[in-house]
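Input: a single structure, listed below in structure tokens.
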Amino acid sequence: MSLGAASPAVPTLTAPALRPGADLLAEGRAMARDWRLGRCLFLDAEGVPSEAAYKRRTAREGRIMRHAHIGFRSVERTVGAMADLADKVARRGARIDRFGVTLDWTMGYPQERRAAATRGTGIVLAGPEDFARITNAAPAAPHFGDFMLGLPGAVENVRAAIAAGATAIGNLGQYFTFRLPHWDDDVATTEATVIALGLIAAQDAEILVHSNLDDGFAGLFMDMASAVGMVIVEKHIVEDLIGAKASFCFGHHFSHPLSRAAFQAAVARLTDTPGTMIFGNTVAYRAEPAANYASLASYLLADIVALMRRPSGHAINPVPVTENVRIPDVDEILDAQLFADRLVAHAADHVAAVDAAAIEALADTLVAGGKAFAARALAGLAERGVDTADPAALMLAIRRAGPKRMEAWFGAAAAGDAARPLVPAEWAEELDRMARDWAVRQAPALAAGVAPEASAGVAPDAVAGRAVTVIVGTTDVHEHGAYLVRRALEQAGIGTVDGGVAVDPEALVEAARAAAADIVAISTYNGVGLSYVREVMAALAARGMDCPVMIGGKLNGIPDASNSSLPVDLTDEIRAAGAVPCADLDDMVPVILTAASRRSAPA
Ligand code: B12
């Protein structure tokens with residue numbers, strides 16, 4: 001169920017077929033007899049049993065740790081880039097403490113399903129040997145976050161990562177939101193994840209179970225206090241019910257320096273397990289690289305000062321300024337690391353300048369709101385028949401409920417604590433504003449069915465008469481583009497239907513047929529837009545449907561014969577496949593007007 005969409009029937013929160021958590025954990029523990037933590041270059045170079053130990057030591061030394069995200073389609077290119085980067089940064093007197101390895105989403109499937117799946121832009125590792133090549137590429141802590149825990153391939157991947165010496169493994173946040181194409185077995189996904197968590201908990205060394213909250217519900221909740229509530233719920237699951245260590249990351253959707261600092265302070269008050277990294281405010285990267293440096297400076301300085309005030313073990317994550325274009329290249333990652341190193345040198349002078357009282361006051365609200373959310377969630381789910389003492393049952397119920405229901409049931413507004421979110425989510429406010437501005441600007445043109453300059457003052461709801469309906473769906477977990485499209489259309493008086501998130505092409509077209517939609521709108525970000533459009537066009541033709549298809553977001557992809565592993569723009573190919581590529585919302589207007597005129601044309 002997508003953001004802002006009308007709420008369909010409440011799903012069944014429990015599954016009789018789901019094995020008891022205790023059995024799954026026991027299976028994981030038994031597996032630990034054969035799959036023990038191996039060594040890697042980082043552990044040997046630093047002489048530590050785990051990254052957690054290294055983080056505590058470095059935090060005591062007062063040094064700000066650095067994270068770099070990396071992952072090209074080819075293993076060779078990635079291994080070479082990691083060694084090259086670590087060396088180049090070290091020769092300039094700085095250091096990369098950890099590498100976040102962005103696996104491709106096909107790594108989320110069970111091994112036997114991976115080869116046939118549509119690849120995205122990330123790295124594909126064949127087995128434990130490949131994991132070991134990554135963990136020995138550079139003397140920096142290897143962090144396997146994406147497409148590990150939380151997906152049906154969790155057991156194979158976690159075994160390989162542990163054997164290769166990785167002591168930070170994620171990403172619990174993805175368990176609650178990620179859906180792989182053509183995979184709907186959430187019972188199998190839950191069982192694989194809990195077995196893998198049992199394997200982690202049974203290791204002698206401390207392995208951090210990473211949860212990127214923004215991959216989870218934090219990027220979908222309307223209230224940041226609800227996201228703090230999920231910190232408490234996830235910590236309860238991982239630490240109290242499973243016996244491992246939960247380590248939290250956040251940041252994509254946090255644009256305001258005050259909310260970033262307060263959220264870090266809130267998390268640091270709720271756990272003494274070192275955090276993995278504070279993720280960059282990537283949604284703010286909307287412009288040219290030079291301008292994006294301003295967004296980089298804005299969030300990074302806030303994070304550095306927050307960590308200087310309260311060392312929580314998190315590393316900072318200077319995101320390269322090409323983030324909003326494609327996966328970044330090596331030199332762009334290097335530039336961001338050097339930028340960060342210089343900013344750390346400046347930051348100490350900023351500590352005294354921040355309003356510590358404002359940060360602590362907002363952290364008070366977040367912690368109080370979070371505790372209330374967590375208490376209501378555990379009690380409320382138990383009332384709905386969920387065995388909240390069973391980690392598998394609890395996880396599945398939360399995943400099936402989804403962010404919108406969890407917040408509707410257990411959010412501050414639901415409990416009457418507040419008429420509106422305690423701490424409104426910035427991403428929603430910003431997108432709602434963009435939608436309103438667009439609707440006001442375009443409504444006359446849409447109403448008059450002619451070009452803007454010739455229609456000033458025409459009533460917006462004139463379009464409604466023509467009752468154009470647009471179904472909006474996404475190819476992957478990125479749903480903010482679709483959220484913006486739906487809000488903008490609704491504000492302009494155009495009917496929308498929720499086509500779903502990470503929905504398969506066939507299912508989207510079938511939903512379009514069932515809703516008698518006039519237009520299919522797709523939002524895509526994972527570099528799969530072209531193959532997706534081809535499947536949509538084929539599904540439309542198979543049903544004899546003549547429906548325009550609009551698509552926006554990241555219209556790129558990595559050509560099969562690519563030697564750079566970098567995505568290229570595929571706008572022309574997508575147009576040739578029969579869809580209307582949209583660089584922004586304005587590109588929808590001619591498509592809507594044509595559909596409207598077709599509707600009003602006499603049969
Ligand atoms: C936020 C974000 C996330 C969030 C999504 C939260 C959510 N629930 O929506 C999270 C953290 C979950 C996430 C996850 C991932 N992400 Co991401 N994500 C981003 C980010 C930072 C912003 C995208 C966004 O939502 N922007 C907000 C929208 C409203 O703005 P916009 O894109 O500018 O949209 C405009 C137009 O495109 C248009 N538009 C958009 N859609 C449509 C549709 C139609 C019909 C129309 C008319 C217009 C339109 O409207 C807007 C206004 O004009 C981008 C980088 C960036 N800054 O762009 C990376 C990015 C898209 N992500 C990326 C990747 C690789 C991933 C992951 C695979 C990473 C990983 N390994 O786990 C996963 C996806 C996993 C999965 N299961 O699918 C890559 C894609 C690489 C590529 N294609 O080249 C990017 C570019 C980052 C990068 N540089 O590597 N991500």
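Key figures
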quantity: Nearest 10 degrees, 0 to 90: helix 51-61 Cα axis against the chain principal axis; calculated: 80 degrees
quantity: 0 to 90° range, to nearest 10: angle between helix 505-514 axis and the chain longest Cα axis; calculated: 40 degrees
quantity: Semi-axis lengths, Å, the range 256-370, gyration tensor of Cα atoms, sqrt of 5 times eigenvalues; calculated: 26, 15, 13
quantity: For residue 245, distant residues with modelled amide H under 5 Å away; calculated: 207, 209
quantity: When the convex hull of its Cα atoms is projected in every direction, mean area for the range 426-600 (nm²); calculated: 10.6 nm²
quantity: Euclidean distance of C-alpha centroids, the range 66-83 and the range 106-183, integer Å; calculated: 14 Å
quantity: Accessible area in square angstrom per residue, the chain, 1.4 angstrom probe; calculated: 36 Å²
quantity: Within the accessible area of the range 25-364 (1.4 Å probe), percent carbon and sulfur; calculated: 54 percent
quantity: Column: log10 I(q)/I(0), Debye, Cα scatterers of the range 25-364, q = 0.07, 0.11, 0.14, 0.15 Å⁻¹; calculated: -0.25, -0.65, -1.12, -1.31
quantity: Cα principal axis extents for the range 44-115, largest first, Å; calculated: 46, 25, 20
quantity: Residue 213 accessible area, 1.4 Å probe, all protein chains in place, Å² to nearest 10; calculated: 10 Å²
quantity: Prolate/oblate/rounded call for the range 199-271, Cα gyration tensor, a/c under 1.5 rounded; calculated: prolate
quantity: In Hz, Karplus ³J(HN,Hα) per residue of the range 386-398 (6.51, -1.76, 1.60; θ = phi - 60°; x = Gly, Pro); calculated: 8, 7, 6, 8, 9, x, 5, 5, 5, 4, 4, 4, 5
quantity: At most 10 other Cβ within 10 Å, DSSP loop - trypsin sites (Lys or Arg not before Pro), the range 4-84; calculated: 33
quantity: Note, ³J(HN,Hα) from phi for the range 133-148, Karplus 6.51, -1.76, 1.60, rounded to Hz, x at Gly and Pro; calculated: 5, 5, 6, 10, 6, 7, x, 10, 5, x, 10, 9, x, 7, 6, 10
quantity: Nearest-ten-degree value, helix 480-491 long axis tilted from longest Cα axis of the chain; calculated: 30 degrees
quantity: Per-residue HN-Hα couplings for the range 184-194 [Karplus 6.51, -1.76, 1.60; θ = phi - 60°; Hz; x = Gly/Pro]; calculated: 10, 7, 6, 5, 5, 4, 5, 5, 4, 5, 6
quantity: Beta bridges by DSSP in the range 426-600, antiparallel share as percent, to the nearest 5; calculated: 10 percent
quantity: Overall Cα dimensions of the chain, principal axis frame, Å, largest first; calculated: 78, 55, 55
quantity: Placed amide H near residue 70: partners under 5 Å, 5+ positions off or other chain; calculated: 100, 101, 102
quantity: Reciprocal of mean inverse Cα separation for the range 171-323 (Kirkwood radius, Å); calculated: 16.3 Å
quantity: Antiparallel %, DSSP beta bridges [both residues in the chain], to 5; calculated: 5 percent
quantity: Interchain or long-range residues, amide H under 5 Å from residue 557's placed H; calculated: 568, 570
quantity: Two-decimal Rg/Rh across the range 101-234, once Rg and the Kirkwood Rh are taken from alpha-carbon atoms; calculated: 0.96
quantity: Alpha-carbon centroids, the range 532-563 and the range 270-343: separation in whole Å; calculated: 34 Å
quantity: At 0.890 mPa s and 25 °C, Stokes D of the range 1-97 from Kirkwood alpha-carbon radius, µm² per second; calculated: 131 µm²/s
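The values are calculated or read from the model by the stated rules, or taken from the named source; none is laboratory data. The model shown is predicted, which means the values in this text are computed figures rather than measured ones. Positions of Cβ are generated from backbone atoms using ideal geometry, with glycine treated the same way; all protein chains shown enter the neighbour counts. For the accessible areas, the whole protein counts, side chains as well, though only heavy atoms, and no ligand, DNA or RNA atoms are used. Shrake-Rupley method; radii C 1.70, N 1.55, O 1.52, S 1.80 Å.
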